[in-house]
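Each remark here refers to the structure printed beneath this line.
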Amino acid sequence: MIDDFVKERLHSDLRQIREAMLWKLDGLGEYDVRRPLTPTGTNLLGLVKHLSLWECRYFGEVFDRPFPEPLPRWDDVAEHGADLWVTEHETREEITDRYRRAWEHSDATITALSIDALGHVPWWPRPDVKLFNILVHVLTETNRHAGHADILREQLDNSTGTTAEYAAPPHDVALWEAHRAKIERAARAAAEMDQHSPLP
């Protein structure tokens, strides 16, 4: 039996990782929070925008508790991918404030419903779900994107972790350079032993 302890544990983990997502933006300028840092355009503020939209959907539409602000339809082909980046006219405050409003809406749904409350996800192959399924899904998705954000932020200024207190201290630069060099040597040695893995 899934009980309220499980619900509260999942909810608590979700609240923590949401805060980590916003921390990833702290101390960065407008360009760095928006710029594409992978070939597919992944960027920090776009990840926050994406998570806010899907929290609104999963804890809103799925349980017939719609978010009180307009959202693009989930099946709108023209909007596909628009939630993963931020235009020059959208401010950081708009994006982060919407994410916080999404939390409030989601938290109200989680608090109001039992862990086995029924919902419906029309875009899933097995659309009939329980609140438990959605809590696990949103927590997993948020953790996945927090991992993306961690790597993006490390590329920008070497900050890692979920809060400022766990960020890598800047005075360890030589230590981290030596560590990275050791890993690079091991990778090159393995590639040399494998004739099918040419070195760059």
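The values are calculated or read from the model by the stated rules, or taken from the named source; none is laboratory data. What you see is a predicted model; the values in this text were computed from it and never measured. Cβ placement follows ideal geometry from the backbone for every residue including glycine, while neighbour counts extend to all protein chains displayed. Please note that ligands, DNA and RNA were not included when accessible areas were found on the heavy atoms of the full protein model with its side chains. Shrake-Rupley method; radii C 1.70, N 1.55, O 1.52, S 1.80 Å.
Annotations
- Of the trypsin sites (Lys or Arg not before Pro) found in segment 1-75, those in coil by DSSP whose Cβ has at most 14 other Cβ atoms within 10 Å are R73.
- Projected label points at T111 and E93, each 7 Å from Cα along the beta carbon direction, are separated by 2.6 nanometres.
- 18 Å Cα-Cα reach of K49 towards lysines, excluding residues that sit fewer than 8 places from it in its own chain: K24
- Evaluated at q = 0.20 Å⁻¹: base-10 log I(q)/I(0), Debye formula over Cα of segment 1-53: -0.75
- Each principal axis of the Cα cloud of segment 91-163 was evaluated for its coordinate range; sorted largest first, these ranges are 44, 25, 22 Å.
- Here is the list for segment 45-114: GluC sites (Glu not before Pro) lying in DSSP coil, each with at most 16 other C-beta atoms within 10 angstrom of its C-beta, are E88, E90.
- Accessible-area composition of the chain, carbon plus sulfur, in percent [1.4 Å probe]: 57 percent
- For the chain, excluding the exposed loop sites themselves (chymotrypsin sites (Phe, Trp or Tyr not before Pro), DSSP loop, at most 15 other Cβ atoms within 10 Å), the longest remaining stretch covers 124-200.
- Volume in Å³ per residue [convex hull over Cα atoms, computed for segment 1-154]: 119 Å³
- Segment E154-A82, extension gain: residue separation times 0.36 nm, minus the distance between their alpha carbons: 23.4 nm
- Label-to-label distance, nm, for residues given as R73 and R185 (7 Å Cα→Cβ offset): 6.0 nm
- Average Cα contact separation per residue, the chain, under 8 Å, 6 or more apart, as relative contact order %: 25 percent
- Principal-axis tilt of helix 4-23 within the chain, Cα atoms, nearest 10 degrees: 50 degrees
- Here the Kirkwood formula puts the hydrodynamic radius of segment 23-69 at 12.1 Å, using every distinct Cα pair.
- Value of [θ]222 nm, deg cm²/dmol, for the chain, DSSP H segments ≥ 4, -39500 (n - 2.57) each, nearest 500: -18500 deg cm²/dmol
- Residues of segment 50-154: accessible area per residue with a 1.4 Å probe, Å²: 54 Å²
- Within straight-line reach of K130, meaning a Cα separation under 19 Å, sit the following aspartates and glutamates at least 8 residues removed in sequence or on another chain: D3, D4, E8, D13, E55, E61, D64, D107, D116, E141.
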